[in-house]
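The structure under discussion appears below in the form of structure tokens.
The values are calculated or read from the model by the stated rules, or taken from the named source; none is laboratory data. Given the structure is predicted, the values throughout are model-derived calculations rather than measurements. Here the Cβ positions follow ideal geometry from the backbone for every residue, glycine too, while neighbour counts run over all protein chains shown.
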Ligand SMILES: [Fe+2]
């Protein structure tokens, strides 16, 4: 099925030719799919992994945590006391996450403090720094290929008084649901010209060049799956042919109707470590006084190492 597109994609990325995400590899796909779905049957998505007194995940729990990530592409943890940013980063390194992406709003250590900022702060123009809802997206969908986000982690320092919960959807499950229904539409989602993101220019200064790319792509190194997506209608131009429209409508329909959407409201001292899954955020309300909702976020160019796969190489799609 669609071997030409597969071969082009694989050659372009230099990825593992046995990747289950290549449409030509039906046997590999079925084996991977069966294992993934069996793990999801066995494991509960809302399991909370407790950190030890050193704020590390105990070695004895690492294998279980990796299985959790293989099943759901995220794991939920609870720290023993409040994590500092250094401890947060050290925890993420236990999962092979090391190469931080330094986005516009990140602090000097590469961790972003997501909180409501004042109107005079230039970050106030970006929704993550307001109390407004964030619709479905994957992180860094507007990034260049060289700065592709493969994983991220969140840690709740302070909850909002009301709201601020997250919705999560495993991007690998999205792939399964679409490939099972229509390999043709899945191929449309892998087209390298499916989305175009106009450049970010402010005050005649180029903040980010124009980007184009597929929704689903395959890591250059380990043959894993990457997803770029946003349901925001602004600052993105989708290919408008019938097949692309049908494919994108299928994604939207699944996000609206699937029972696999996970609603999660991080409690104080809880966090998630995940590959770059689909996620969103509810609007929230805080009283006028500080501290207000505060979430640490770290984004990575590494993917979480699971199932014996190596990390992806640089320059992944
Ligand atoms: Fe996000």
Exercise for the section: Test residue 120 against the stated conditions and say whether it is without any contact (Cβ under 8 Å) to a residue 12 or more places away in the chain, surrounded by fewer than 19 Cβ atoms within 10 Å (Cβ to Cβ), in a loop (DSSP other than H, G, I, E, B) and within 16 Å of the ligand (Cβ to nearest atom). Expected result: no
Fill in the blank from the handout: Checked region 225-247 for anything out of contact with any helix residue (DSSP H, G or I) (no Cβ under 9 Å at 6 or more places or on another chain) and buried (at least 16 other Cβ atoms within 10 Å of the Cβ); matches are 228, 230, 236
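Would it be correct to say that residue 305 is in a loop (DSSP other than H, G, I, E, B) and either touching a helix residue (DSSP H, G or I) at 6+ places or on another chain (Cβ under 9 Å) or at pLDDT below 95 (or both)?
yes
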Exercise for the section: Quick one: count up the residues across region 26-49 that are loosely packed, with under 14 Cβ neighbours inside 10 Å and in contact with a strand residue (DSSP E or B) (Cβ under 6 Å, 6 or more places away or on another chain). Expected result: 1
Exercise for the section: Could you tell me whether region 213-221 includes any residue that is in contact with a helix residue (DSSP H, G or I) (Cβ under 6 Å, 6 or more places away or on another chain) and at pLDDT 95 or above? Expected result: yes
Practice task
Identify the single condition in (1) surrounded by 16 or more Cβ atoms within 10 Å (Cβ to Cβ); (2) away from the ligand (no atom under 14 Å from the Cβ); (3) part of a loop (DSSP other than H, G, I, E, B) that residue 103 does not satisfy, given that it satisfies every other one.
Solution key: (2)
Handout entry: Subset of region 145-160 [part of a loop (DSSP other than H, G, I, E, B), touching a strand residue (DSSP E or B) at 6+ places or on another chain (Cβ under 6 Å) and away from the ligand (no atom under 15 Å from the Cβ)]
Key = 160
